[in-house]
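In what follows, a structure is listed as structure tokens, so that the remarks can point back to it.
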Amino acid sequence: MNLANWLMVAAVSTVAGLDRTAMASVMLARPLVCAALMGYLLDIFVPALQLGIMLELLWLMRLPVGAAVAPDDTQAAIGAVVLIKLFAVHLPEHHWELVVSVGLLVVVFAEIGKCFDVWARHINERLFLHAQRNLERGCWRSLVANHYCGLLVFAVASLASSGFIIASGNFILNIGLGYIDEIAFLFPVDGRMLAAIFPITGIAATLAVIRGRHTVALFVASFAVTYAILEIV
Amino acid sequence: MSEPVPVAVSKWGLLRLALRCLFVQSSWNYRQFQGLGWCVALLPELREFYPSDKLAAVLSKYLRYFNTNTFFVSSVAGATIAIEAKHSQGCDVPIEAHQYADAVMAPVAAVGDALFWGGYRSLICCFAVALAAYGFWWAPILLVVLFNLPVVVVRICGVWIGYNHGAAVIGMVQRAHLADVALVLKRATVVLLGAVCAVLVHGAHLPLGWAMATNALVVAIVLAAVFCLRKGVPTAIVLCTVIVSVTTLSKLLM
């Protein structure tokens, strides 16, 4: 990857990270969207879209409301695409093994990545207190500056999160690169099927939160009908 | 003596208020949540209503705990500004503007979060995943467009409706039965999840008997995963367990 690629990674990571909490919430932060965008910019759209599908549903129902902070699936998706871009050239014959390994790595790192989000919110407390002190002195003009400084803090947290995911993933994959044949031997299942386990687990995670009446019956009926239609078509 | 006329906010002013509401969470913190963003969103209008010497005292009423839904916040802001405009000119108001905002933020958050975050977002994301899994590359674009169509309407029209109806806007939200709409959206999401699961499983081109057995296994895995997740097992552990189980089972069968 060249300097222009890294700058694009930083730009997408920042914008998507801000969209997650600090700004607008227009869904650029969803893994499907940011992974596809990152993949398009890095010229690996198809595997990036696959990673987006794998990660999209896993934490869909961890709602970003109140004080709840969900695992950082935005930076996880962006980091996963970057890792695929970095390692795909070394492992052309192990594409699916790489995709599944990267998917598993970023699922773990996403849990750690949310610590940066929590850190940003704690830093923002200082901005709030600073603004409050100034207002008590009658200086209301600092409110705006302190408020928009929060954007900068969230942007730094996003970059730190994606940087951590990419650096840690790079380190572990570099070690694992030597054992890829053994890993492929241990996990000889069709990689496409393994990749489908991610969204299926995401479906389970979503169903676990939706506690409505007849949830299981609706799910099973819809599954059966859709499968039958797909078979007929 | 005639009733004092409140200061009017122009359409352009309301649009700018709606745009500032996009940044209401920019300084989100654990102490006062959206408090600073809320205060900054209202600041330009409050500057028009009050002289500089009174402004700090007015702003201090807003610089406190505030937390509501990010999509409905423009409606609350419009209504708050409408009440504040009347109050600043000495008109009688049934409730002070900051008290109104304090009173409505929690109910609006409950309705808005259930509708947009819990209901509509889940439905649209599942739909986009189904399309992407079926091979439509433009699914991410559709996700962004479909989600933002109603959101933009709520954000832009919300501030206008809030400003024109004042405190009565909360009654309008209540009459719209948005909580019921959220419930319907969640059920639609469950149906769509079944469809997504079928799209993901389909395509292996197995004989009928094997296909039936595989489908039953997939449904069993999903239900077992739901059980574990409801018991509090972390998603990453459930995911790893499913991968190891499927790999082992596949190795045994092969």
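Residues in segment B:187-209 that are surrounded by 12 or more Cβ atoms within 10 Å (Cβ to Cβ) and at pLDDT below 85 were compared, and the one that is farthest from the chain's Cα centre (by Cα) is B:LEU206.
Just give me the residues in segment B:231-254 being in a helix (DSSP H, G or I), β-branched (Val, Ile, Thr) and more than 7 Å from chain A (Cβ to nearest Cβ), in sequence order. Quick ask: steps written out before the conclusion?
Start the filter on segment B:231-254 by keeping residues that are in a helix (DSSP H, G or I), which leaves B:235-253.
Right, trim to β-branched (Val, Ile, Thr) and you get B:235, B:237-238, B:241-244, B:246-248.
The answer is B:ILE237, B:THR241, B:VAL244, B:THR248.
Within segment A:19-51, being facing another protein chain (nearest Cβ under 7 Å) and on the phi > 0 side of the Ramachandran plot holds for A:ALA24, A:SER25, A:MET27.
Quick test for you: out of A:ALA217, A:ALA195, A:ALA160, pick the one residue that is at pLDDT 95 or above, of a type in the set (A, V, I, L, M) and over 22 Å from B:GLN32 (Cα atoms). First the steps, then the outcome.
Working: A:ALA217 fails: at pLDDT 95 or above; A:ALA195 fails: at pLDDT 95 or above.
Exactly one residue qualifies, and that residue is A:ALA160.
Would you mind finding the one in A:VAL46, A:VAL65 that is among the aliphatic types (A, V, I, L, M) and either closer than 30 Å to B:ASN67 by Cα or touching a residue at least 60 places away in the same chain (Cβ under 8 Å) (or both)? It would help to see each step written out before you state the result.
Numbers: A:VAL46 fails: either closer than 30 Å to B:ASN67 by Cα or touching a residue at least 60 places away in the same chain (Cβ under 8 Å) (or both).
Of the residues listed, the single one that is among the aliphatic types (A, V, I, L, M) and either closer than 30 Å to B:ASN67 by Cα or touching a residue at least 60 places away in the same chain (Cβ under 8 Å) (or both) is A:VAL65.
Checked against (1) closer than 30 Å to B:LEU223 by Cα; (2) facing chain B (nearest Cβ under 9 Å), A:GLY191 passes all but condition (2). Set side by side, the residues A:ILE197, A:ILE203 differ, and just one is surrounded by 15 or more Cβ atoms within 10 Å (Cβ to Cβ) and in contact with a Cys (Cβ under 8 Å, 6 or more places away or on another chain), which is A:ILE203.
Among the residues making up segment B:160-216, those that are on the phi < 0 side of the Ramachandran plot, more than 10 Å from chain A (Cβ to nearest Cβ) and outside any helix (DSSP H, G or I) are B:ALA176, B:LEU206, B:PRO207. Kindly check whether there is at least one residue in segment A:174-181 that is at the interface with chain B (Cβ under 7 Å from one of its Cβ atoms) and within 27 Å of the chain's Cα centre (by Cα). Looking for residues that are at the interface with chain B (Cβ under 7 Å from one of its Cβ atoms) and within 27 Å of the chain's Cα centre (by Cα), one finds none in segment A:174-181, hence no.
So which helices (runs of 4 or more DSSP H) are wholly in segment A:1-68 and hold at least 2 residues that are touching a strand residue (DSSP E or B) at 6+ places or on another chain (Cβ under 6 Å)? Step through it out loud before you land on a result.
On the way: elements: A:3-20, A:31-41, A:45-56.
So the answer is none; nothing clears 2.
Counting only helices (runs of 4 or more DSSP H) wholly contained in segment B:59-150, the ones carrying 2 or more residues that are farther than 30 Å from B:GLN32 by Cβ and of a type outside the set (A, V, I, L, M) occupy B:121-133. The test for being crowded, with 17+ Cβ neighbours inside 10 Å and within 19 Å of the chain's Cα centre (by Cα) does not hold for A:VAL118.
Among the residues making up segment A:52-76, those that are within 8 Å of chain B (Cβ to nearest Cβ) and hydrophobic (A, V, I, L, M, F, W, C) are A:ILE53, A:LEU57, A:LEU58, A:TRP59, A:LEU60, A:MET61, A:LEU63, A:VAL65, A:ALA67.
Residues are listed down the side, and each one gets a yes or a no for (1) crowded, with 19+ Cβ neighbours inside 10 Å; (2) under 29 Å from B:VAL9 (Cβ atoms):
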| residue | (1), (2) |
| --- | --- |
| B:VAL40 | yes, yes |
| B:GLU48 | no, yes |
| B:VAL58 | yes, yes |
| B:GLN99 | no, yes |
| B:ALA106 | no, yes |
| B:SER122 | yes, no |
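The residues in segment A:162-183 that are touching a Ser or Thr at 6+ places or on another chain (Cβ under 8 Å) and of a type in the set (Gly, Ala, Ser) can be counted, and the count is 2.
For segment B:1-60: of the residues being among the basic types (Lys, Arg) and over 21 Å from B:CYS91 (Cα atoms), which is nearest to the other protein chains (Cβ to nearest Cβ)?
So the first thing to find is which residues in segment B:1-60 are among the basic types (Lys, Arg), and the list is B:11, B:16, B:20, B:31, B:47, B:54.
Narrowing the set further to residues that are over 21 Å from B:CYS91 (Cα atoms) leaves B:11, B:16, B:20, B:31.
Details: B:LYS11: 21, B:ARG16: 14, B:ARG20: 10, B:ARG31: 5 Å.
If we take residues in segment B:1-60 being among the basic types (Lys, Arg) and over 21 Å from B:CYS91 (Cα atoms), then B:ARG31 is nearest to the other protein chains (Cβ to nearest Cβ).
Residues in segment B:144-186 that are within 15 Å of the chain's Cα centre (by Cα) and under 30 Å from A:PHE45 (Cα atoms) were compared, and the one that is surrounded by the most Cβ atoms within 10 Å (Cβ to Cβ) is B:PHE147.
The values are calculated or read from the model by the stated rules, or taken from the named source; none is laboratory data. Computed from a predicted structure; not experimentally measured. Counting neighbours? That spans all protein chains shown, and the Cβs are built from the backbone with ideal geometry, glycine included.
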